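FYI, it's all coordinate maths here, none of it is from the lab. Predicted model, so just to flag it, every value in this text is computed and none were measured. A quick note on method: Cβ atoms are made from the backbone with ideal geometry, for glycine too, and the neighbour counts reach across all protein chains shown.
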Amino acid sequence: MLFSLLAIDFPEDLAWRYLLKLTSFGPRYPGTQGHRLAKEYIIQELSRYTHPDIQVFFIDKIEFTNIYATFGKGKLKYVIGTHWDTVKDVGANNGASGVAVLLALADVLAKENLREKIMLVFFDGEDYGELINGSQEFVRRMKEKPEGVVIIDMVGDKNLEIYAEGFSLAFAREFTEEIFKLAEELGLPSFHREKKYTIKDDHLPFLRAGIPACLLIDFDYPYWKTPQDTPDKCSKESLGEVGKLLLELIRRN
Ligand SMILES: [Zn+2]
């Protein structure tokens, strides 16, 4: 098992550089300069790997943008998503960590021979107003249903602890258990199969549409929605664990 974990070539150093770059834009609160800069940066980086698409929508006259990119051919296997907006703090864990993992994953997927399609989605407006705005918009416009959805949020904490989440277990038990079993097989120490929290996040619109969706979140983060949510509370090893799990999930199918 140790061998298989070592063999997973997820670039956690690259993910870490992405996290630092994203936080350098300051808060990515909708309508701000930091929000615009981060949007342009995500599109620019994805363009190195593939051709990204965008979905624009408006709330309170503010422009929101979902960004997504597809890798491989065939039917749509997984949507892997995260939100890229933040509240009014720098959001190293809540906002940057998920984006960092997905951009580094794009670097790998671009070189991979995929038999089915994998779509990476960067949702906007998860933390704005009534919450989960981008994922709701995405599901409303979705033409092809994926077989499964994994949402990552707050996956950068130095002391990473990810427990099975309530809605994921209630409405996508089989898929959720498969993911946590895989984490166990890979010997990833931060994943726990027990349920701890039930959280409104970007997996809900997919679950409501009858699509198996699993939220991977570390909700034991004391700096959540505070000005102390900065890179020094995060680690590249945590990003690496989540990246390895996602990569192995994709490769096993
Ligand atoms: Zn979040």
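Take the range 78-103 and flag every residue that is in contact with a strand residue (DSSP E or B) (Cβ under 7 Å, 6 or more places away or on another chain), of a type in the set (A, V, I, L, M, F, W, C) and within 12 Å of the ligand (Cβ to nearest atom).
Trp84, Ala92, Val99
For Thr176, which of the numbered conditions (1) within 16 Å of the ligand (Cβ to nearest atom); (2) buried (at least 24 other Cβ atoms within 10 Å of the Cβ); (3) more than 18 Å from Ala69 (Cβ to Cβ) fails to hold?
Unmet condition: (1).
Can you work out which of the residues in the range 108-126 that are touching a residue at least 60 places away in the same chain (Cβ under 8 Å) and within 16 Å of the ligand (Cβ to nearest atom) is nearest to Thr65 (Cα to Cα)?
Here the residue is Asp124.
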